[in-house]
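Asks: Handing you a structure now.
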Amino acid sequence: MRIVAVVVGGALGAGLLSCSPDSGSKPAASVAALEVATENPLTRRGGPLRQQWAMDRLWEDGKAEVATYEAERVVYGEARRFEYTLITVKEEFSQQYNVKTDDRQRKDVFPVMKVNQFCTIPTEQYPYHFLTSLFFRRDQPAQLHKLTTSSQEWCGNTFKTILDDGMQYVQTYNSYWDGQGVGQRQLRRVVLFEDALPYTLRSLRFETLPTFKADVYELQQTNQATPPVLYPAHIRTEDVLTADTSEPAWRVTVTLTNQKRNVYWFGKQYPNVLLRQTTWDGRTLQLKQVRRYVYWPVALAAATAPDSAAAMPAAAAR
């Protein structure tokens, strides 16, 4: 079954961040018919992705994989250097609240993989802060279940959520930008998200060197909330010798358009950590360190009562 929805679309220069409307890119309005389908061909058995990638026992140890990167991103027309953190961990979600639960006795619990992406970017004016949280059902690396992303800087803050309702994605946003404000829009469901590629592409059947096409929504880790551009992307996997990574790697090229190309390098050994990334708009990542540990206090993580949570010290925040 397919449903067609019509929304207003626009282009957004993700690499240029500013609270000045004159220096930010102006979205060009257009109308696009968006198909909404109930099944994603990338989730089928035998496809380019291993649906069971996250079912490995590695993720059962209660620890998070914390990868730290040396990063660059263009802000105010200049490449800024900073540290970028990717956190990947298995969590238990409650269907009722659609958030992590510590009550394993609930009847509506299901496992997810959480990926947090955090950074603070310094500039001469003030720092930019970004935090994006992505959630995937453990056996569905291609099907985003939930995304939240926020930006904070001196001009204001912007918050966006994307939720899968089973038929389409629903994006809700609250932006400080004129012409955006507060709103909601429908997005196609049979898609990938650029923010999710560092996780989703880890599940590729690398040995088969898959090449395929997929529609990809542009980066959501920005301070704007314009309608996201949808790219008809071409994805190619290669086994290459490179001196640009610390270990043998698979190279995955995601061509969004002829002028826009992202490249990702993943370690050949499981869990196929992202080693390096370059994007068309000047965002780069180079792995600095990866480790597994409990970044929240275990004793406090077990507390579920509201007064217990209120009594947690600031260091216990997750």
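What follows draws every value from the coordinates through simple rules; no lab data is involved. Bear in mind the structure is a predicted one, so any value in this text is a computation, not a measurement. Please note: Cβ atoms are built from the backbone with ideal geometry, for glycine as well, and neighbour counts cover all protein chains shown.
Asks: How far apart, in nm, are two points set 7 Å out from the Cα along the Cα-to-Cβ line at residue 55 and at residue 174?
Replies: My value for the distance between the label points is 3.9 nm.
Asks: When the convex hull of the C-alpha atoms of the range 158-305 is computed, what volume per residue in Å³ does it have?
Replies: 181
Asks: Still on this model: Starting from 0.36 nm per residue, how many nanometres of slack lie between residue 184 and residue 167 once their C-alpha separation is accounted for?
Replies: Taking 0.36 nm per residue and subtracting the Cα distance, the gain is 4.5 nm.
Asks: Once the dipole of the range 69-168 is set up with Lys and Arg at +1 and Asp and Glu at -1 on Cβ about the Cα centre, which of 115, 140, 75 lies farthest towards its positive end?
Replies: The one lying farthest along the dipole's positive direction is 140.
Asks: How long are the three semi-axes of the equivalent ellipsoid of the range 103-176, in whole Å, if each is the root of 5 times an eigenvalue of the C-alpha gyration tensor, listed from largest down?
Replies: 29, 15, 11
Asks: Å³ per residue of the Cα convex hull, for the range 218-285?
Replies: Convex hull of Cα atoms, per residue: 112 Å³.
Asks: From the phi angles alone, apply the Karplus equation (6.51, -1.76, 1.60; θ = phi - 60°) to the range 230-245 and give each ³J(HN,Hα) in whole Hz, x where the residue is Gly or Pro.
Replies: Coupling constants for the range 230-245: 10, 9, x, 7, 10, 10, 10, 10, 9, 9, 10, 8, 9, 9, 8, 10 Hz.
Asks: With no solvent and one point per C-alpha, what does the Debye sum give as log10 I(q)/I(0) for the range 77-214 at q = 0.11, 0.15 Å⁻¹?
Replies: With no solvent term, the Cα-only Debye profile gives -0.51, -0.91.
Asks: Here is a follow-up. Chymotrypsin sites (Phe, Trp or Tyr not before Pro) within the range 166-249: which are DSSP loop residues with at most 10 other Cβ atoms inside 10 Å?
Replies: Sites meeting the loop and neighbour criteria: none at all.
Asks: Counting other Cβ atoms within 10 Å of each Cβ, which chymotrypsin sites (Phe, Trp or Tyr not before Pro) in the range 49-146 have at most 10 and sit in a DSSP loop? Kindly include the intermediate steps, with their values, before the conclusion.
Replies: Values: sites: 53, 59, 69, 76, 82, 84, 93, 97, 118, 128, 130, 135, 136; in loops: 76, 97.
Those that pass, being in a loop and sparsely packed, are 97.
Asks: Could you give the alpha-carbon Rg of the range 70-114 over 2.2 N^0.38 Å, rounded to two decimals?
Replies: Taking the Cα Rg and dividing by 2.2 N^0.38 Å, one obtains 1.90.
Asks: May I ask you to compute the full-extension gain from residue 270 to residue 208, defined as 0.36 nm times their residue separation minus their alpha-carbon distance, rounded to one decimal in nm? Don't skip to the end; give the middle numbers.
Replies: Values: separation 62, 0.36 × 62 = 22.32 nm, distance 1.56 nm.
Separation in residues times 0.36 nm, less the Cα-Cα distance, equals 20.8 nm.
Asks: May I ask for log10 I(q)/I(0) of the range 105-148 at q = 0.15, 0.18, 0.21, 0.26 Å⁻¹, from a Debye sum over the Cα atoms as equal point scatterers with solvent left out?
Replies: Rounded to two decimals, the profile gives -0.53, -0.64, -0.74, -0.89.
Asks: Please grab the % of Cα pairs in the range 43-144 that end up more than 24 Å from each other.
Replies: The proportion of pairs with Cα distances above 24 Å equals 40 percent.
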